[in-house]
């Protein structure tokens, strides 16, 4: 499974299929794809200025192992752009794509029904929780027990932390100062190969900034309505 698939699986409530941090989900999904490309050595993130943030450039050649990654890479290869721009460009249309992939894999299922005989509602509850349970076990081992993460787990935790969704995972992690500190260390790229850690840190920072801006916009709209 791709990192973006694991990330969405973790964010979805097992009973309702409602994602945590739904308003900022496109940024997290786009970030997951950027991170996977960075871990494959197919994008480079150079530090930009304060206005534009880190710039992402496509590097390397040859086909990628998954069409979702290939489509994102081809978009990046068109021209270098900031992480913030690419998060929404790549992640904006990923919800439907990744949901369908998770359904096809048997990780979640689609349930549709009518409410009051009029309105059709759709839920996306878990279908097979084995893979997700293992993901949560490994994440908890890293954050709570202090286990050393593999690069993939570190990247997933960094994305969850950057998006602000980590405290909302179900079942809840026993949140503490040590857990928060460890998550922030991984979010800042303090692990693994320097180039990959830097790419993850810059992507997580962009997700955090985009999520904060989106949340502020929602609050402003609510207050002024």
Next item on the list: Look at region 78-102 and say how many of its residues are farther than 19 Å from residue 37 by Cβ and either outside any helix (DSSP H, G or I) or without any contact (Cβ under 8 Å) to a residue 24 or more places away in the chain (or both).
Entry: 2
Notebook entry, point to check: Out of all the residues in region 139-172, which are more than 16 Å from residue 13 (Cα to Cα), touching a helix residue (DSSP H, G or I) at 6+ places or on another chain (Cβ under 9 Å) and outside any helix (DSSP H, G or I)?
Noted result: 144, 146, 147, 148, 149, 150
Check: Is there any pair with a first residue in region 165-182 that is free of Cβ contacts under 8 Å to residues at least 12 places away in the same chain and a second that is surrounded by 14 or more Cβ atoms within 10 Å (Cβ to Cβ) and outside any loop (DSSP other than H, G, I, E, B) whose Cβ atoms are under 8 Å apart and which are 6 or more apart or on different chains, and what are they?
Finding: 175/167
Item checked: Selected residue (only one of 91, 106, 62, 30 is over 20 Å from residue 131 (Cβ atoms) and surrounded by fewer than 14 Cβ atoms within 10 Å (Cβ to Cβ)) -> 62
Note to self: So for region 37-45 (the condition being part of a helix (DSSP H, G or I), without any contact (Cβ under 8 Å) to a residue 40 or more places away in the chain and within 18 Å of residue 187 (Cα to Cα)), does at least one residue qualify?
What the structure shows: yes
Note to self: Looking only at region 117-138, filter to residues that are assigned to a helix (DSSP H, G or I) and in contact (Cβ under 8 Å) with a residue 60 or more places away in the chain; which one of those is surrounded by the most Cβ atoms within 10 Å (Cβ to Cβ)?
What the structure shows: 135
Next item on the list: Among the residues of region 55-74, write down those that are assigned to a helix (DSSP H, G or I) and either within 18 Å of residue 202 (Cβ to Cβ) or touching a strand residue (DSSP E or B) at 6+ places or on another chain (Cβ under 7 Å) (or both).
Entry: 72, 73
Next item on the list: Taking the residues in region 106-116 that are in contact with a helix residue (DSSP H, G or I) (Cβ under 8 Å, 6 or more places away or on another chain) and part of a loop (DSSP other than H, G, I, E, B) as candidates, determine which candidate is farthest from residue 186 (Cα to Cα).
Entry: 110
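FYI, it's all coordinate maths here, none of it is from the lab. Please read all numbers here as calculations on a predicted model, not as lab measurements. Counting neighbours? That spans all protein chains shown, and the Cβs are built from the backbone with ideal geometry, glycine included.
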